[in-house]
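Working notes for the structure below.
The values are calculated or read from the model by the stated rules, or taken from the named source; none is laboratory data. What you see is a predicted model; the values in this text were computed from it and never measured. Neighbour counts run over all protein chains shown; Cβ positions are idealised from the backbone, glycine included.
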């Protein structure tokens, strides 16, 4: 069984990066737009990584061996 550590670790890293993006966005008229686009990009990257990781752990098409008796 695979460990849940990589999934939780990447979730914490993504949440930390989102917090940094929210706190250190420069002030200005476009602050909300910049903050939203950075957080949306981080969320999309995390979801893409999560889907790829889960697809490798639990593939839809599995290989199976067929025993041939001759």
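Here 19, 36, 52 are screened, and the one residue that is surrounded by 13 or more Cβ atoms within 10 Å (Cβ to Cβ) and at pLDDT 90 or above is 36.
With respect to being in contact with a helix residue (DSSP H, G or I) (Cβ under 8 Å, 6 or more places away or on another chain) and assigned to a loop (DSSP other than H, G, I, E, B), residue 25 fits the description.
As a summary of the residue check, residue 59 satisfies the conditions (1) over 21 Å from residue 3 (Cβ atoms); (2) in a loop (DSSP other than H, G, I, E, B) except for the one numbered (1).
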